[in-house]
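Novice: Handing you a structure now.
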Amino acid sequence: MTKSVRLIIFIIIAVMSSSAINAQEKQKSVWKTLSKITYKKQYDELMGFKIDVPVFSDQVKALEGKEIEVKGYIIPVEGYKSHKEFIFSAFPYNMCFFCGGAGPETVMEVESREPIEYTAEQVVLTGKLTLNDDDVNRLMYLITDAVLSKE
């Protein structure tokens with residue numbers, strides 16, 4: 001193999017590795033960005049007491065309505081089967097917001113195009129992000145039109 005062929009192969013491998021690393025960093029940075037929130041106390045008429053209402057940072061607001069790619073874990077709503085609606089978490093089931101000590105900014109509701117089969121392994125989803133700061137019966141993040149991405 002000539003030096004020029006080896007150099008070309010090295011460059012191709014370096015570019016492919018760089019793209020994979022960039023994609024992984026982008027997925028991690030989505031959860032990091034989504035964690036940039038604060039809360040304010042606000043009286044809720046229906047509940048009859050003050051509740052914590054999320055205040056989204058400008059960085060989080062910039063993602064609203066945009067397609068995002070995020071890596072995480074499926075938290076099934078009903079049993080362990082394929083679902084079009086489920087909870088998605090930055091952390092595994094035993095460490096998620098509902099079972100562990102994580103905060104509400106580490107989970108999102110998912111509405112997918114096609115049913116996605118449950119797995120305990122990490123998966124990557126792509127979909128449109130919606131923010132929620134006014135419906136106490138919903139999570140603060142929703143990803144719609146979601147599809148299972150290939151890593």
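A quick yes/no check of all residues on (1) modelled with pLDDT of 95 or more; (2) farther than 18 Å from Leu142 by Cβ; (3) not aliphatic (A, V, I, L, M):
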| site | (1), (2), (3) |
| --- | --- |
| Glu45 | no, yes, yes |
| Leu63 | yes, no, no |
| Ile74 | no, no, no |
| Ser82 | no, yes, yes |
| Cys96 | no, no, yes |
| Glu105 | no, no, yes |
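Novice: Of all residues in segment 90-120 being over 21 Å from Phe56 (Cα atoms) and among the acidic types (Asp, Glu), which is surrounded by the fewest Cβ atoms within 10 Å (Cβ to Cβ)?
Specialist: Glu114
Novice: Could you list, in sequence order, all residues of segment 43-80 that are part of a loop (DSSP other than H, G, I, E, B) and in contact with a strand residue (DSSP E or B) (Cβ under 8 Å, 6 or more places away or on another chain)?
Specialist: Taking segment 43-80 and keeping what is part of a loop (DSSP other than H, G, I, E, B), we get 45-48, 57, 62-66, 76-80.
Residues satisfying the conditions are Ser57, Leu63, Glu64, Gly65, Lys66, Pro76, Val77.
Novice: Take the residues of segment 36-50 that are touching a residue at least 60 places away in the same chain (Cβ under 8 Å) and more than 24 Å from the chain's Cα centre (by Cα): which is surrounded by the most Cβ atoms within 10 Å (Cβ to Cβ)? Please lay out each step first, then the result.
Specialist: Of segment 36-50, the ones touching a residue at least 60 places away in the same chain (Cβ under 8 Å) are 37, 44, 46-47.
Next, only the ones that are more than 24 Å from the chain's Cα centre (by Cα) stay: 44, 46-47.
Values: Asp44: 12, Leu46: 7, Met47: 9.
By that ranking, first place goes to Asp44.
The values are calculated or read from the model by the stated rules, or taken from the named source; none is laboratory data. Computed from a prediction, not measured in an experiment: that's the story for all the values here. Every residue, glycine as well, gets a Cβ built from its backbone with ideal geometry; the counts of neighbours run over all protein chains shown.
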